[in-house]
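Taking it in order: structure first as structure tokens, then the write-up.
The values are calculated or read from the model by the stated rules, or taken from the named source; none is laboratory data. Quantities reported herein were computed from a predicted structural model and do not represent experimental measurements. As a convention, Cβ positions derive from the backbone with ideal geometry for all residues, glycine included, and neighbour counts pool all protein chains shown. In case anyone asks, the SASA skips ligands and DNA or RNA and just uses the protein heavy atoms, side chains included. Shrake-Rupley method; radii C 1.70, N 1.55, O 1.52, S 1.80 Å.
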Amino acid sequence: SFAEDPFGRVSRTIQGMAILIFGTTAEANAMARQINRLHHSVQGTLPESLGRYTAGDTYSAMEPLALLWVHIAFVDSMLTAYKTFVGPLSEAECEQYWQESCRYARLLGLTDTILPTSYVAVQQYMREALASGEVAIGPGAHFIAQQVLYPPIPWLHTPLWAIVRLVTVGQLPSDIRQAYGLSWTARQRLGFGMARRVGQLLRRLF
């Protein structure tokens with residue numbers, strides 16, 4: 001349903017993460033159980049070779065390295081968005097954010113034996129995962145990216161989603177953006193820079 005109901009998908013994701021981060025212990029535990037049930041249903045066999053994986057390998061959304069990448073990508077995206085549109089963050093603040101994020105990561109199946117011990121280690125893991133082929137971008141990822149960035153939405157929503165697409169693509173590391181085959185023209189860079197300045201200006205005004 002992620003392709004058929006993009007706004008609903010975003011809304012459900014935001015609500016789920018808000019409960020995990022800001023909810024009571026009982027609310028966070030209940031949301032984690034709901035997410036884990038969903039993840040347990042995502043499993044199968046790879047139809048083709050990709051990165052360091054070969055066709056026929058089994059996969060599961062509850063596999064520790066899969067869970068770790070999703071969590072790391074989420075945390076890194078939040079920090080990148082803050083530094084891009086709000087303001088700078090010190091190394092100590094990034095470290096604190098990472099350590100606090102591990103609390104709900106543990107509810108979602110990750111353990112201290114697999115979670116990087118520091119934010120510096122997180123950044124190192126990301127570089128190694130991409131270089132080793134542990135994380136690779138194939139046809140499935142291309143399809144999902146196109147559905148997320150260019151969803152079937154009413155034409156009235158098109159300008160809003162164009163802004164979402166701009167700030168999303170603009171925050172991607174250049175090598176990942178290229179691997180997805182996403183264009184990044186001078187006009188797009190200019191628009192992204194304007195969006196960045198507007199965000200920082202609004203932060204100061206408020």
Quiz prompt | Rounded if a/c under 1.5, otherwise prolate or oblate - the range 19-129, Cα gyration tensor axes | solution = oblate
Quiz item: For the chain, modelled as a Gaussian network with Cα springs under 10 Å, which listed residue fluctuates most, Met62, Met194, Met31?
Solution: Met194
Quiz item: What are the DSSP H helices in the chain that stretch 27 Å or more along their long axis, judged by alpha-carbon atoms, and whose average Kyte-Doolittle hydropathy comes to at least 0.0?
Solution: 64-85
Quiz item: So for His71, His157, what's the accessible-area order with a 1.4 Å probe, most first?
Solution: His157, His71
Quiz item: What share of Cα pairs, in percent, lie more than 32 angstrom apart in the chain?
Solution: 20
Exercise. Calculate what fraction, in whole %, of the accessible area of the chain sits on carbon and sulfur atoms when a 1.4 Å probe is rolled over the protein chains.
Key: 61
Practice problem: Two decimals is fine: what's Rg over Rh for the range 147-206, C-alpha atoms, Kirkwood radius as Rh? | Solution: 1.02
Quiz item: In debye, nearest 20: dipole of the range 45-200 around its Cα centre with unit charges on the Cβ of K, R (+) and D, E (-)?
Solution: 760
Quiz item: Taking the inverse of the average 1/r across all pairs of different Cα atoms in the range 42-107, what Kirkwood radius in Å do you get?
Solution: 14.1
Quiz item: Rounded to the nearest whole Å², what accessible area per residue is found for the range 79-177 with the 1.4 Å probe?
Solution: 57
Exercise. Quick one: compute the contact order of the range 14-156, relative version, from alpha carbon pairs under 8 angstrom and 6+ residues apart, as a percent.
Key: 24
Self-check item: Structure-based [θ]222 nm, the chain - -39500 (n - 2.57) summed over DSSP H runs of at least 4, per residue, nearest 500
Solution: -22000 deg cm²/dmol
Quiz prompt | Ratio of Rg to Rh over the range 1-80 (Cα coordinates, Kirkwood Rh, two decimals) | solution = 1.02
Quiz item: Does the range 106-170 come out rounded, prolate or oblate, given a ≥ b ≥ c as the square roots of the eigenvalues of its C-alpha gyration tensor, rounded meaning a/c under 1.5 and, failing that, prolate meaning a/b above b/c?
Solution: prolate
